[in-house]
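As structure tokens, the structure follows; a few thoughts come after it.
The values are calculated or read from the model by the stated rules, or taken from the named source; none is laboratory data. Fair warning: this is a prediction, and the values are worked out from it, not measured in the lab. Heads up, the Cβs are rebuilt from the backbone with ideal geometry, glycines too, and the neighbour counts pull from every protein chain shown.
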């Protein structure tokens, strides 16, 4: 009888098992990587909002507020370069919507909240006039558990 060429069923199953193990390791790592990449959109937007507010305050003495001359968001987007999304959702950046609250003439808080299910578990990110960065978990940067850290 001649020699048979080919692979056995056991060899095929071993290859499938190895591929499955590698996929089980790689998929969660890739998913986490993509969530961190999408989170960077929120971080950049919040830093831009803070910079726009600081420029507004440097020129006018107070942070931008809603008044008869328009909304604070529109003022910052039109004059100071705050991030702007499409016309239907002007405060959308990637998978996040940003907004801010002016608490006093010298204090504000900007927050980016996930607008998609793929980032929903991430929670919101927040920055204030002092540059204090916090997340929904209650952690403050530079704590490694804070979403701003990774």
(request) Name the single residue, out of those in the range 131-150 being within 14 Å of the chain's Cα centre (by Cα) and at pLDDT 90 or above, that is surrounded by the fewest Cβ atoms within 10 Å (Cβ to Cβ). (result) 136
(message) So in the range 48-61, with the set limited to residues that are touching a helix residue (DSSP H, G or I) at 6+ places or on another chain (Cβ under 8 Å) and more than 14 Å from residue 105 (Cβ to Cβ), which one is surrounded by the fewest Cβ atoms within 10 Å (Cβ to Cβ)?
(response) 52
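Per-residue answers, yes or no, for (1) touching a helix residue (DSSP H, G or I) at 6+ places or on another chain (Cβ under 6 Å); (2) touching a residue at least 12 places away in the same chain (Cβ under 8 Å); (3) surrounded by 11 or more Cβ atoms within 10 Å (Cβ to Cβ); (4) over 26 Å from residue 136 (Cα atoms):
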| position | (1), (2), (3), (4) |
| --- | --- |
| 46 | no, yes, yes, no |
| 63 | yes, yes, yes, no |
| 80 | yes, yes, yes, yes |
| 96 | yes, yes, yes, no |
(request) Take the residues in the range 118-130 that are more than 18 Å from residue 91 (Cα to Cα) and at pLDDT below 90, then tell me which one is surrounded by the most Cβ atoms within 10 Å (Cβ to Cβ). (result) 122
(request) Quick one: residue 89 ticks every box in (1) over 24 Å from residue 149 (Cβ atoms); (2) exposed (fewer than 15 other Cβ atoms within 10 Å of the Cβ); (3) out of contact with any strand residue (DSSP E or B) (no Cβ under 9 Å at 6 or more places or on another chain) except a single one, so which number is it? (result) (3)
(request) Identify the residue in the range 94-115 that is assigned to a strand (DSSP E or B) and modelled with pLDDT under 85 and, among all such residues, is nearest to residue 45 (Cα to Cα). (result) 100
(request) Please tell me if residue 41 is at pLDDT 80 or above and assigned to a strand (DSSP E or B). (result) no
(message) Anything in the range 116-130 that is under 12 Å from the mean Cα position of the chain (by Cα) and either in a loop (DSSP other than H, G, I, E, B) or closer than 21 Å to residue 63 by Cβ (or both)? List them, or say none.
(response) 116, 118, 119, 123, 124, 125, 126
